[in-house]
1. I'd like to know how the range 24-86 sits against the 2.2 N^0.38 Å rule of thumb: what's its Cα Rg over that expected value?
2. Under the rule of -39500 (n - 2.57) per DSSP H run of 4 or more residues, summed and divided by the residues of the chain, what mean residue ellipticity at 222 nm is obtained, to the nearest 500 deg cm²/dmol?
3. Out of the trypsin sites (Lys or Arg not before Pro) in the range 143-188, which ones are loop residues according to DSSP with at most 11 other C-beta atoms within 10 Å?
4. By its C-alpha gyration tensor, with a ≥ b ≥ c as the square roots of the eigenvalues, how is the range 1-158 shaped: rounded for a/c under 1.5, else prolate for a/b larger than b/c, else oblate?
5. Can you give the FRET efficiency to the nearest 0.05 for residue 247 and residue 195, using r as the Cβ-Cβ distance and R₀ = 30 Å?
6. Counting heavy atoms of the protein chains only and a 1.4 Å probe, report the per residue accessible area for the range 117-211 as a whole number of Å².
7. How large is log10 I(q)/I(0) at q = 0.16, 0.21 Å⁻¹ when the Debye formula is applied to the Cα atoms of the range 110-160, each weighted equally and without solvent?
8. If R0 is 25 Å, what FRET efficiency do you get for residue 129 and residue 101 from their C-beta distance, rounded to 0.05?
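The values are calculated or read from the model by the stated rules, or taken from the named source; none is laboratory data. Predicted model, so just to flag it, every value in this text is computed and none were measured. Here Cβ is always computed from backbone atoms with ideal geometry, including for glycine, and neighbour counts include all displayed protein chains. Quick note on the areas: whole protein, heavy atoms, side chains included, nothing else; ligands and nucleic acids left out. Shrake-Rupley method; radii C 1.70, N 1.55, O 1.52, S 1.80 Å.
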Amino acid sequence: MRLDIPDRPRPYVMAHRGNSAHCPENTLAAFRRAIDEGTDLIETDLHVTSDGHFVCIHDPKVDRTTDGSGAVRDMALSEIRKLRASCGRAEFSGECVPTLKELFDTVPENMAIALELKTDDFLEPATGQKLVKEIEAASRRELTVLLSFVSGRVQAVRQQARDAGFDIPSGSITYRRPWPEDGFELQGPVWPLLLLNPFYVWWAHRKGMLVCPLDLAPDRRLWYYRLLGCDAVLTNDPGKTLRALSRAERS
């Protein structure tokens, strides 16, 4: 089974947009706090600027998370870099929208990174090739996983990696499908699907897949995820979730 993180016990803790409970989401401050707290994976969202740069931001527009307005794909990187991503919080006034390269430079080499592909730009071969080259240049091919609700985006980028002579682990996220989707190493079903189908994790493991439920506040359900054998948990507050897991392991 792929996506094993050296010297990290399961379930792995995946920091959703960094520590987005205590810092502005998808900022270097949020990523650093999650790293300092000991998270196992950093999750972020990728959009593409008008001049072809990858930036860590969730929404197709900058309006909600910055002091600017407009669509990411209509803005050059130089324009986006002028925006503040503090969400009105004075202590984060210096935060801006980071690039993928900045994320790679910030995250330790032995820590995994999950990249959610948020736009159909990733269906374009040239965009996929550029992303693959950036992952390869950062020596991140083993501990990077590509995610999306739209399977075709992941498969398009993955094909570019295969054409370049290697592979990148990938995952499928879903709000609707109560069974694992073939062709992926990681499954991300929204957590009620694991109540609807309590055999989901068993089924995924039979297919050689890992499971990380889509649950941004998982602490009250950790007992259930551990019972099912989930391989990772997603959380907005990795420090809190890590403490809850430690209590569960000692009990």
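1. So the range 24-86 has a normalised radius of gyration of 1.15.
2. Numbers: 9 runs with 79 residues, N = 251.
It lands at -9000 deg cm²/dmol.
3. Of the trypsin sites (Lys or Arg not before Pro), the ones in loops of the range 143-188 whose Cβ has at most 11 other Cβ atoms within 10 Å are 176.
4. Values: a/c = 1.90, a/b = 1.11, b/c = 1.71.
Oblate.
5. 0.85
6. 47
7. -0.40, -0.68
8. Between residue 129 and residue 101 the formula returns 0.95.
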